[in-house]
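Have a look at the structure below before the remarks.
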Amino acid sequence: MNKTELLNKFSKDPEERVVLARALDQMDRAANRSIPCATQFFSPAQRAALEPLIAACGHPSHLFHGGFQGAERTVCVFLPDWQEPDDWEPSDELAAIECAYPPTGAELTHRDLLGGLMGIGLTRERVGDILVGEQAAQIVCLRDAAPIILSQFDQAGRYRLKLREIPLSELAPAPNQVKVIHDTVSTLRLDAVLSSGFSLARAKAADAVTGGRVSLNHRECLKPDKLVAQGDVLTCRGLGKCVLKTVGGQSRKGRIIIEIERYL
């Protein structure tokens, strides 16, 4: 199956096809030149689209990395035959920049920082996660984007920034805040689990699915009757994300016992 046939099989979205095509180019480059080759940053949805494509290509050696464990945005690194994943050094491709705010009164958001980065000409694909703290933010970026950020990104919103590069090991993501929900459902259909996770009426959950607001494992799903499984990630635009952590046995009334973690 050639490149065009692969893209036709796995994606219909024009923008997504461009992203996947670039990843295939890096995969071929790693194989032909016998060197590690990294993509630009993928969103969770783009990564979900890439993974089955990689499997269809024979599952060449690769890894996903975003600068720290649990990063949302990641690059995909295709490895040559001679290299083991543990031998790849993340700092070869990724960098971390700390942006200190004024000591008092600064209230910067993720949007402020991302907007400032886009304002100096960076595309979203060159920037990974942005970790916003009370007195500083930490930005993960491609290694070749670091000099641009350090030399040009001196202001976000109305606040001046003081920048320095830090080791990836100093990245300090805030722990996720989750609400654990113990419930029972009559079925593991998507609309039923979504209803439980976001405290929605079942009919409203179904409407959210058919209205294109819901993703299952980061891929849009328009079928309310789609069955979900333990470990699946449910995302609803405007409401957030939850994970079906466990599927247990049946209650006395014959309903399925579930545990959901909803991200706050």
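Can you tell me which of Glu15, Glu5, Glu72 is out of contact with any Phe, Trp or Tyr (no Cβ under 9 Å at 6 or more places or on another chain) and in a loop (DSSP other than H, G, I, E, B)?
Residue meeting the stated conditions: Glu72.
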Here the residues within region 11-44 that are among the hydrophobic types (A, V, I, L, M, F, W, C) and open to solvent by less than 40 Å² (accessible area, probe 1.4 Å) are Val19, Leu20, Ala21, Ala23, Leu24, Met27, Ala30, Cys37, Ala38, Phe41, Phe42
Within region 58-116, residues over 26 Å from Gln177 (Cβ atoms) and aromatic (Phe, Trp, Tyr) come out as Phe78, Trp82, Trp88
- Would you mind stating whether Ala145 is of a type in the set (A, V, I, L, M, F, W, C), part of a helix (DSSP H, G or I) and touching a residue at least 12 places away in the same chain (Cβ under 8 Å)? yes
Apart from one, (1) surrounded by fewer than 13 Cβ atoms within 10 Å (Cβ to Cβ); (2) within 21 Å of the chain's Cα centre (by Cα) all hold for Asn2; the odd one out is (2)
Among the residues in region 119-140, are any modelled with pLDDT of 95 or more and at positive phi? yes
Per the filter on region 110-125, residues open to solvent by 50 Å² or more (accessible area, probe 1.4 Å) and among the β-branched types (Val, Ile, Thr) are Thr123
Gly116 passes all but one of the listed conditions (1) outside any strand (DSSP E or B); (2) at pLDDT 95 or above; (3) out of contact with any Phe, Trp or Tyr (no Cβ under 7 Å at 6 or more places or on another chain); the exception is number (3)
Counting only residues in region 53-109 that are within 27 Å of Lys9 (Cβ to Cβ) and acidic (Asp, Glu), the one most open to solvent (accessible area, probe 1.4 Å) is identified as Asp81
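The values are calculated or read from the model by the stated rules, or taken from the named source; none is laboratory data. A quick note: this is a predicted structure, and the numbers were derived from the prediction, not measured. In this analysis, Cβ positions are derived from the backbone assuming ideal geometry, glycine residues included, and neighbour counts consider all displayed protein chains. These accessible areas exclude ligands, DNA and RNA; they are computed on the full protein's heavy atoms, side chains included. Shrake-Rupley method; radii C 1.70, N 1.55, O 1.52, S 1.80 Å.
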